[in-house]
Amino acid sequence: MTTNTQPAPLTRRNFLKLGLGALSSLAVLEMGAASLFFMQPRRLEGEFGGVVNAGLVESFPVGSVTEFPDGRFYLVRAADGFLALSNRCTHLGCAVHWQANNQHFFCPCHASSFDQQGDVQNPPAPRALDTFPIEISDGQVFVNTLRAEKRDRYTPEQVTQA
Amino acid sequence: MSERTPTNQPRRSRLLYTSAAPDDRSRMRAVANNLILHLHPTKVPAPALKWSYTWGLGGISATLAVVLIVTGVLLMFRYDASAATAYTSIQLIETQVLFGSLIRALHHWSANLLVITAFLHLLRVFYTAGFKDGRSTNWIIGIILFLIVLTFNFTGYLLPWDQLAYWAITVGTSLLSYIPLVGQAISDFLLAGPVVGQGALRNFYALHVAVLPTLLILMMSYHFWKVRKDGGISQPKEEEMEENGRRRPIERLTTIPHLVQVEFAAASVLIAGLLLFAIFVPAPLEELANPSHPPNPAKAAWYFMGLQELLLHMHPLAAMLLTGLVLLALIFLPRLDRDAADIGHYFRSAVGRRAAALGALLSLGLIPMLVVVDEWYLDLPALLPGWPTLLSNGLLPLLFSLFGLFLIYALFRWGGRLRHSEVLVGLFSFIFVSLIILTLIGVFFRGANMALVWPF
Ligand code: FES
């Protein structure tokens with residue numbers, strides 16, 4: 001390196017060096033970007049479930065809890081309507097199951113339990129079970145399993161009127 | 001280097017070194033051209049060879065890595081990385097392939113043993129202050145190697161695609177998503193989908209058989225090279241080797257045969273033991289993964305059981321932070337403890353030895369008590385109903401734990417008037433033993449519904 005402030009003359013050698021450096025950085029960048037895009041997780045729309053037709057409204061008596069293993073949710077019919085609860089424990093993602101005799105959802109991984117509305121009864125789960133949007137038309141219940149909705153605790157607005 | 005290899009040498013040894021001329025110059029050249037002596041120095045101090053100093057743990061770990069690579073490559077020839085057929089291919093290996101069960105058991109048990117020996121190696125280096133005196137880089141490389149080993153085990157865990165695998169990985173990846181800022185991205189990348197599925201299996205396989213082995217071999221080579229560049233393994237300073245006021249030069253032995261033969265013997269015994277064990281205890285294989293029904297109890301792999309036990313007592317973010325802080329403290333240990341005078345002495349000093357014992361005893365009494373109290377008598381979120389769980393079940397236990405660690409430090413430092421270096425020995429003994437106790441509780445004392453049970 002020269003100490004004077006004037007730019008070093010662009011000799012043939014310097015030019016080649018510069019070109020080589022620029023080209024190889026470009027190559028590294030390209031490869032890096034290509035790898036990143038290549039590795040990007042793929043989210044397919046409707047990967048599991050999509051919109052599930054759960055059946056006729058009348059087929060679910062008030063107070064019933066019905067499991068839909070393929071849709072990974074439970075359909076709960078409360079006094080004032082329906083709730084579709086994701087079966088993924090909000091703690092670390094194990095599948096919860098409904099224990100009818102205890103009237104709660106139980107997660108065997110770290111013993112969290114949730115009441116019928118999905119509210120946490122027993123930690124370590126940090127928040128209530130996720131819900132899926134429900135639509136009722138022609139007397140049938142449609143559950144959209146595309147996107148789970150997060151919530152902290154149960155509020156009455158989450159219920160879809162029957 | 002231009003000299004031709006003498007041909008009167010047996011062919012076998014020419015593979016390892018390339019000259020046997022009797023004069024000094026040629027002998028030096030023999031040293032330079034020797035494969036073994038690219039890994040080891042030509043001479044090693046006699047005390048460094050003492051079994052009760054190193055317990056051969058580094059060498060044993062390296063041998064296990066070799067066994068794992070060999071058996072792993074074999075398994076690759078018989079394993080399908082597809083969610084539909086992975087489980088069947090493992091079943092075939094277990095029942096149809098000649099020696100299949102043995103090879104898989106060797107791979108499985110070596111992997112588990114490696115976690116233990118690598119951990120013990122870390123303890124040995126910690127207790128003999130092997131991270132001091134210019135060896136801090138290699139200490140950090142060692143910690144990275146330990147993390148690589150854990151990642152290896154974690155990724156390998158999914159491959160059999162049985163119930164154990166499926167749910168341990170579900171829990172493990174959800175745990176990652178609690179890491180602030182980057183966690184969700186890492187978990188998404190690993191899973192390649194909303195739940196553990198084909199995408200996850202493919203990713204884990206690629207990591208397990210290509211990315212991690214490359215990393216491991218690179219880092220291991222660096223680790224070995226650095227041991228040499230740092231002047232061999234740690235040992236007491238030479239001045240302290242005096243006897244009756246007379247300085248006695250440390251005896252130096254040639255690596256071949258003294259070190260190499262010990263290593264060879266240790267490796268042989270280890271492999272023989274592994275074989276015997278693998279013959280009688282096959283690797284476990286549970287039922288096919290069932291995404292809608294986790295087994296009860298659903299446990300993580302045993303080496304993450306300490307973390308899992310922590311998760312039962314605090315919010316995942318708090319548990320991650322606590323683990324992360326301990327890991328950071330380990331990484332920065334060479335900064336925290338610069339007193340290089342005690343290098344090479346187990347537990348630094350007689351006082352340090354007592355501190356270590358006291359730390360371990362403290363943990364032995366305290367940790368089971370805390371676990372029981374939190375399990376049966378204390379329900380923080382219920383006591384503080386208005387608080388978000390992140391505070392009541394997260395921040396509070398985290399602060400409590402950190403305060404406890406500080407208290408132990410203070411007790412040793414100002415109550416017992418110990419040197420900083422000795423206090424750290426006591427403190428880390430407490431942490432290490434706590435980790436072991438939490439792991440044991442998770443493995444043996446957690447039954448159905450993760451309730452505390454008596455194992456016998
Ligand atoms: S995953 Fe459900 S309690 Fe931990």
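The values are calculated or read from the model by the stated rules, or taken from the named source; none is laboratory data. Just so it is clear, the model here is predicted, and its values are computed rather than measured. Glycine gets a Cβ as well: all are built from the backbone with ideal geometry, and neighbour counts include every protein chain shown. When the accessible area is computed, the model is the full protein with side chains, heavy atoms only, and any ligands, DNA or RNA have been set aside. Shrake-Rupley method; radii C 1.70, N 1.55, O 1.52, S 1.80 Å.
Annotations
- Residue among B:ALA350, B:ILE431, B:LEU307 farthest towards the positive dipole end of chain B, charges placed on Cβ: B:ALA350
- Excluding exposed DSSP-loop trypsin sites (Lys or Arg not before Pro) (at most 13 other C-beta within 10 Å), longest clean stretch of chain B: B:51-236
- Sequence-distant lysines (8 or more away, or on other chains) whose Cα lies within less than 29 Å of B:LYS299: A:LYS150
- In the stretch A:109-147, burial by the other protein chains removes 20 Å² or more of 1.4 Å probe accessible surface, compared with the chain on its own, from A:CYS109, A:HIS110, A:ALA111, A:PRO123, A:PRO124, A:PRO126.
- Interatomic Cα distance distribution for the stretch B:105-209, bins of 5 angstrom, percent: 2, 11, 18, 19, 15, 14, 11, 6, 3, 0
- The stretch between B:LEU361 and B:PHE264 holds 31.2 nm of extra length on full extension. This uses 0.36 nm per residue minus the Cα-Cα distance.
- Paramagnetic reach from B:THR85 (point 7 Å along Cα→Cβ, amide N under 20 Å) across the stretch B:139-177: B:158-162
- Karplus-derived 3J(HN,Hα) values for the stretch B:123-131, using 6.51 cos²θ - 1.76 cosθ + 1.60 with θ = phi - 60°, are 4, 4, 5, 4, 6, 9, 6, x, 8 Hz; glycine and proline are entered as x.
- 3J(HN,Hα) along the stretch A:64-70, derived from phi through the Karplus expression 6.51 cos²θ - 1.76 cosθ + 1.60 where θ = phi - 60°, amounts to 8, 10, 10, 8, 10, x, 5 Hz, with x in place of Gly and Pro.
- Buried solvent-accessible surface, both chains (A, B), 1.4 Å probe, Å² to nearest 100: 2400 Å²
- Annotation for the stretch B:92-180: chymotrypsin sites (Phe, Trp or Tyr not before Pro) lying in DSSP loop with at most 12 further Cβ atoms inside 10 Å of their Cβ are B:PHE99.
- For the stretch B:186-345, convex hull volume per residue from C-alpha positions, Å³: 242 Å³
- For chain B, size of Cβ-based charge dipole, Lys and Arg +1, Asp and Glu -1, in debye: 1600 debye
- 24 Å Cα-Cα reach of B:LYS226 towards lysines, excluding residues that sit fewer than 8 places from it in its own chain: B:LYS43, B:LYS50, B:LYS132, B:LYS237
- Take each residue of peptide A:85-96, count the partner chain Cβ atoms within 10 Å of its Cβ, and average: the result is 6.
- Highest-MSF residue in chain A out of A:GLN117, A:GLN103, A:GLN40 [GNM, Cα springs under 10 Å]: A:GLN40
- Note on the stretch A:8-121: Cα-Cα pairs beyond 20 Å make up 62% of the total pair count.
- The protein assembly as shown: translational diffusion in µm²/s, Stokes-Einstein, Kirkwood Rh over Cα pairs, 37 °C, 0.692 mPa s: 115 µm²/s
- Exposed-site-free run, longest, chain B (rule: GluC sites (Glu not before Pro); DSSP loop; at most 16 other C-beta within 10 Å): B:4-241
- Per residue, the accessible area of chain B comes to 52 Å² when a 1.4 Å probe rolls over the protein heavy atoms.
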